[in-house]
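Some notes on the structure that comes next.
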Amino acid sequence: MTATAAILGCCGPKLTAEERAFFRRVKPWGFILFGRNVTNPDQVRALVDALRDTVGRADAPVLIDQEGGRVQRLGPPNWGRYPPGRAYGDLAGHDPLLRCEITRLGARLMAHDLKALGINVDCAPVLDVPDPAGHEIIGDRAYGRTPDEVALLGRAAAEGLIAGGVLPVIKHIPGHGRAMADSHLELPVVDASLEDLEARDFAPFRVLSDMPIAMTAHVIFAAIDRKRPATASKKVIRRIVRGAIGFDGLVMSDDLSMKALSGGCTERAEAARAAGCDVVLHCNGDMAEMKAVAAGAGALKGRAAERAAAALARVARTPEPFDAGEARARFDAAFEGRFAA
């Protein structure tokens, strides 16, 4: 059976009978884990295996948000602590090579954690360039304050994940940094000119346009489409994401349950797919909503299926050689123990 063009969550640390039956029937392309799904390593590995068993694909993508800082689904006592993106950008004042090295090392350590659990996709790095007047939802999740800083460290983080056998997801394309509202709660509208957006917001995404997966922003860019957020806008996805930015990898929506979007879940999924999202994401594990999303997402086929296969083909089957203990000691020393477990 062809996969459904959706990434779905589940409600707890074990699958319910209803979830098993539903996932077997609709066969989502992938799954996403949150804190509610995590208790200890053995439990997470068992859940990951159970999710893949429902769709009959050993390589089915299992995603997690593991940025560090405020957005870290795995943490002590079973996993290490990691800093927010900004902490990497603030390292060692005038030594960009050291900042890149430690950013890559942090991502490589996170990939080591994830790979051991069977998780093969991390929803990171954040490539948004924060506006000083923007909402704090991005804030210290950003690697720096300029497009160049964000691009350099975003590249380092992405390469660290790839080296460890985990796919990165660049987000939130084409940029969430100017948003004056939290898209989890309401729909932000950005009024910046196209020239300003291209120079600042889009720039890091252009630099990392070779990455396998990108996640959209639930943000209206008035200079491009005054009516629809990027997730549901053909103009944004075709002209900007595929055109000006040049991204030809898999485009996934941000979470369809966020309040920035209007309409029911079926309508949201249909709108995102019609706009050009290859797959849609739904995170909260609510069964009624997931059924509605699956109905609107449709089958993963054509060019979208090709992009999905190409993304998974980039998972390193054998991660680069790595001494996790030595790497963690180096990492902790760089931050003077501030983020040690």
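Please treat every number below as a calculation from the coordinates, not as lab data. If you're wondering where the values come from, they're calculated on a predicted model, not measured in any experiment. Neighbour counts run over all protein chains shown; Cβ positions are idealised from the backbone, glycine included.
A few remarks follow.
- Excluding the site residues themselves, the longest part of the chain lacking any trypsin sites (Lys or Arg not before Pro) in a DSSP loop with at most 16 other Cβ atoms within 10 Å is 146-225.
- Point-charge dipole on Cβ atoms (K/R +1, D/E -1) for the chain, about Cα centre, debye to 20: 1020
- Fewest-first sequence of 10, 283, 265 by Cβ atoms within 10 Å of each Cβ: 283, 265, 10
- Ordering 120, 142, 97 by Cα displacement along the dipole of the range 4-317 toward the positive end leaves 120 in first place; charges were set at the Cβ atoms of Lys, Arg (+1) and Asp, Glu (-1).
- Taking other C-beta atoms within 10 Å as the exposure proxy, 215, 1, 180, 252 rank 1, 180, 215, 252 from fewest upward.
- Highest-MSF residue in the chain out of 204, 321, 84 [GNM, Cα springs under 10 Å]: 321
- When only the Cβ of Lys, Arg, Asp and Glu is charged (+1, +1, -1, -1), the dipole of the range 68-129 relative to its Cα centre reaches about 160 debye.
- Its DSSP H runs of at least 4 residues, each contributing -39,500 (n - 2.57), put the calculated 222 nm mean residue ellipticity of the chain at -10500 deg cm²/dmol, to the nearest 500.
- Positive-end ranking of 2, 69, 241 along the dipole of the chain, with charges on Cβ about the Cα centre, is headed by 2.
- Cα-based equivalent ellipsoid of the range 37-121: semi-axis lengths in Å, sorted from largest, via gyration tensor: 30, 13, 9
- In the structure shown, the pairs 115/235; 235/291; 27/227; 234/259; 115/291 are assessed against 26 Å; a Cα-Cα span above that value is assigned to 115/235; 235/291; 27/227; 115/291.
- Range of Cα positions in the chain per principal axis (Å), largest first: 51, 50, 32
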